[in-house]
Amino acid sequence: MEKFGKSQPVKRVEDTRFLTGQGRYVDDIVPEGALRAYFLRSPVAHAVLKGIDVSAALEAPGVHAVITQADLEEAGLDAQMTYTCAPNRDGTQGAAPKRPLMAEDRLRFVGEAVAMIVADTLEQAKDAAELVEIEYDELPAHMEIGAGGEALHPEAPDNRAYDYGLGDEAATNAAFETAAKVVSLEVGDNRIIVNSMEPRGAFAEWDGDRMHLAFGGQGVWGMKKELARAYKVEAEKVRTTNPDVGGGFGMKGMAYPEYFVLPHAAKVLGRPVHWMSDRTEAMLSDNAGRDLVTLAELAFDGDNRIVAYRSHTRSNLGAYNSQFGQMIQSFLYSRVLTGVYDMQTVYQRAEGFYTNTTQVDAYRGAGRPEAIYVLERVMDRAARELGVDPMELRRINFIRPDQFPYTTVAGEMYDVGEFARVLGHAEASADVAGFAARQEASAAEGRLRGLGVCYYIESILGQPHEDVKVEFVGDGALIYVGTQSNGQGHETVFRQFLADQTGIPAEKIEVIQGDSDRIASGGGTGGSRSVTTQTNVTLQAVAQMVEGFSAFLAGEMGVAAEDVTFDDERFRADGSNLTPTMLEVAQMARDAGREDLLVWQTTAKLPGRSYPNGCHVAEVEIDPETGLVVCDRYTVVDDFGNLINPMLAEGQVHGGVAQGLGQALTEHVVYDENGQLLTATFMDYGMPRADLIPMIGFETEPVPSTANPMGMKGCGEAGTVGALAAVSNAVQDAVWERGIRQVDMPFTPMRVWAMLENDRIAAE
């Protein structure tokens, strides 16, 4: 599409208000007179809940209500969270325990909501919470990633949520038995906390019998549906809104218990009720990510081509099944790959992780950070054991351009790809040829240097449908979108795209999002879907606008409707001097009383999923005296297809790489043997800081997708997908000559120093 030649690195329009303190987040829009809520949370990881005495708290100054699970059920709510129950390999269903909104008969994790106290001020609510008496008999906590221990739920007597498998186990095993070479590696993927800049928060209010919940989320329609279910009302009785949202990362894409309890309190008390999490509360109650241990195995033929891939994964799901169709796969076999380097074959999910957005059977085989990390780690090990250059081993196993469209063994259909070209671009940009000299220079200064590569491919997930409405108002237009920005720059991208397609000046376009009353439905944001799905439906709306306006102009111009053309800026017809812009036609329609031509609303489905891919190359330098790991160089070459705004795409990648570096170098969730979170403040949890992040080289090698009319591929998660394995492989490379064969994130100074020191002692 030649119009993408207009793609420009436009600066984000929303940044002016964000950087000048004019953002409108949940805390900024709380209704006057709102009461404050505070959640009393479980102090232990596992216990039988024998009773809750709230009488003293109810008498405390400023307190209006203390609400427990029993109160919600007495009020007639369906006071349970929804969840997905995964199938077992033997055909049975996995464990399906209920999840109450607040603790009911047991306490099942530190931080589980037990009661909500509502008072005039937050301080009064916190003081009253100390007067609530919880009677419980503590039980042992099960802290191992594996079956056994004290059962958390009667429905899962061995604490196993499911035993899931994907692929052809028999064929895979047969391929391994006849393989020329088998390479295996156990890979740990450390648990992390999302730590969005703005913690979760919400307020609820009622207008007669109609509920309104404003919350920091990644879309409003899923929450609207869940509230209607819980309160047993028609969906029209529920309005949900997302104001400005300070970071989501998938974690805010789900419902949480607090969002159901707030409307009940607001209804009972007849006043708005507001809750905002503090940081430690968020660390305890937000859905976390990763926390997997995988034994990954690759089988090769004599020409170093992969013939099979097999992985056994143990995943820490936490205390409950995931909800809203989000789930993890803890055990799987891939099918025989027949020589195809197929990074979509295996996938795992950790609870709350920022891509859990759809049902498992909706995206069989979709690769995400956990899967790519594991596969690229074992590929790196294979290159070392086979004596092959890591990049050459990948080239040997890539799908060739002439093999597309290509259907993988997991059922994914890749439309296009030129992986070797992207890899070669990255190899040149990262100056891989000069690495030996840099390594030698580091060694001369007593430091270890390593180079790591990751080639990833992922797919655009989530609902393939999206909605849009374009309304002409005054001398401009409003575009209502079904996605939700959490900081990605949607306001800039969507108005830029509509301006490109219609000629309406971008400054005269306003993006409206996050209000279930203003647009009928939408898929929200998650799985790198937003720009691709939203621009696809916008194109359809523009086509309808052009058709409708052309028919209207035909009468004004005295020509047939089919003779009216639109060149993305003006309507024209041979024999007519009229050449109006889109806005001018809208005004003509308004003057003629044609209000029907001023609002255009439609729904469209993506023809197919697209597959962003790319290569990350990292170089690290390690000081063996202190164990400090410094990521010294970082290069990314991505194939995102066509881009609307290259600047925003680069920003997304930079942020994703920083997130990946955080997990690789500093972030790690630690619990003690009793299930107490030891990393519950920023004093204890190692968030990445600026001095950890190198200058990130970013370039693109676009191969436009054929699965959508824009040729886009999405980019939201690409930075993180590649960073984990690239940095880990670089650390492994740096210590390989020391005889160290196992490295696992996070590579903190203490862990790396101990690893090197243990190796030195063993050598003596």
Residue in the range 602-609 that is modelled with pLDDT under 95, outside any loop (DSSP other than H, G, I, E, B), surrounded by fewer than 20 Cβ atoms within 10 Å (Cβ to Cβ) and of a type in the set (D, E, K, R) present: yes
Within the range 372-411, considering residues that are more than 19 Å from residue 435 (Cβ to Cβ) and of a type in the set (Asp, Glu), the one surrounded by the fewest Cβ atoms within 10 Å (Cβ to Cβ): 402
Unmet requirement for residue 224, which otherwise passes all of (1) open to solvent by 10 Å² or more (accessible area, probe 1.4 Å); (2) assigned to a loop (DSSP other than H, G, I, E, B): (2)
Residue within the range 626-635 that is surrounded by fewer than 20 Cβ atoms within 10 Å (Cβ to Cβ) and part of a loop (DSSP other than H, G, I, E, B) present: yes
Filter result (at pLDDT 95 or above and either in contact with a Ser or Thr (Cβ under 7 Å, 6 or more places away or on another chain) or surrounded by fewer than 19 Cβ atoms within 10 Å (Cβ to Cβ) (or both)) within the range 449-475: 449, 452, 471, 473
Number of the exception - residue 726 against (1) at pLDDT 90 or above; (2) under 21 Å from the mean Cα position of the chain (by Cα); (3) in a loop (DSSP other than H, G, I, E, B): (3)
Members of the range 236-282 found to be in a helix (DSSP H, G or I), under 27 Å from residue 84 (Cα atoms), open to solvent by 10 Å² or more (accessible area, probe 1.4 Å) and at pLDDT 95 or above, listed by number: 236, 237, 257, 264, 281
All positions within the range 143-194 that are charged (D, E, K, R), part of a strand (DSSP E or B) and surrounded by fewer than 18 Cβ atoms within 10 Å (Cβ to Cβ): 181, 186
Any hit, the range 700-713, residues being over 26 Å from residue 250 (Cα atoms), in contact with a strand residue (DSSP E or B) (Cβ under 6 Å, 6 or more places away or on another chain) and assigned to a strand (DSSP E or B): no
Hits in the range 283-295 (condition: in a helix (DSSP H, G or I) and either open to solvent by less than 40 Å² (accessible area, probe 1.4 Å) or of a type in the set (S, T, N, Q) (or both)): 283, 285
Test: residue in the range 489-501 that is of a type in the set (Phe, Trp, Tyr) and touching a strand residue (DSSP E or B) at 6+ places or on another chain (Cβ under 7 Å): yes
Residue ranges of helices (runs of 4 or more DSSP H) in the range 25-142 with at least 2 members open to solvent by less than 40 Å² (accessible area, probe 1.4 Å): 69-74, 122-129
Residue in the range 581-601 that is least open to solvent (accessible area, probe 1.4 Å), counting only those that are in contact with a helix residue (DSSP H, G or I) (Cβ under 9 Å, 6 or more places away or on another chain) and assigned to a loop (DSSP other than H, G, I, E, B): 598
Residue among 496, 484, 488, 439 that is open to solvent by 10 Å² or more (accessible area, probe 1.4 Å) and not in a helix (DSSP H, G or I): 488
Which numbered condition residue 541 misses (of (1) part of a strand (DSSP E or B); (2) closer than 18 Å to residue 599 by Cβ; (3) modelled with pLDDT of 90 or more; (4) open to solvent by less than 10 Å² (accessible area, probe 1.4 Å)): (1)
Residue match in the range 646-665 (condition: of a type in the set (A, V, I, L, M, F, W, C), at pLDDT below 95 and over 25 Å from residue 431 (Cβ atoms)): yes
Filter result (modelled with pLDDT of 85 or more and among the hydroxyl-bearing types (Ser, Thr, Tyr)) within the range 477-503: 480, 492, 502
Condition check for residue 376: in contact with a Leu (Cβ under 7 Å, 6 or more places away or on another chain) and closer than 18 Å to residue 296 by Cα: no
Residue match in the range 206-221 (condition: over 17 Å from residue 25 (Cα atoms), among the basic types (Lys, Arg) and in a loop (DSSP other than H, G, I, E, B)): no
Hits in the range 729-764 (condition: in a helix (DSSP H, G or I), more than 16 Å from residue 629 (Cα to Cα) and not charged (D, E, K, R)): 758, 761, 762, 763
Condition met for residue 446 (modelled with pLDDT of 90 or more and at positive phi): yes
Yes/no for residue 553 being of a type outside the set (Phe, Trp, Tyr), open to solvent by less than 10 Å² (accessible area, probe 1.4 Å), over 28 Å from residue 645 (Cβ atoms) and modelled with pLDDT of 90 or more: yes
Within the range 735-764, considering residues that are touching a residue at least 24 places away in the same chain (Cβ under 8 Å) and polar (S, T, N, Q), the one farthest from residue 664 (Cα to Cα): 742
Residue check for residue 653: under 27 Å from residue 748 (Cα atoms) and buried (at least 19 other Cβ atoms within 10 Å of the Cβ): yes
Unmet criterion (only one of (1) among the aromatic types (Phe, Trp, Tyr); (2) out of contact with any Phe, Trp or Tyr (no Cβ under 9 Å at 6 or more places or on another chain); (3) within 30 Å of residue 395 (Cβ to Cβ)) for residue 685: (3)
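The values are calculated or read from the model by the stated rules, or taken from the named source; none is laboratory data. Predicted model only: the values in this text are computed from it and were never measured. Using ideal geometry, Cβ is built from the backbone for each residue, glycine included, and neighbour counts are taken over all protein chains shown. Protein only, heavy atoms only, side chains kept; ligands, DNA and RNA dropped before computing areas. Shrake-Rupley method; radii C 1.70, N 1.55, O 1.52, S 1.80 Å.
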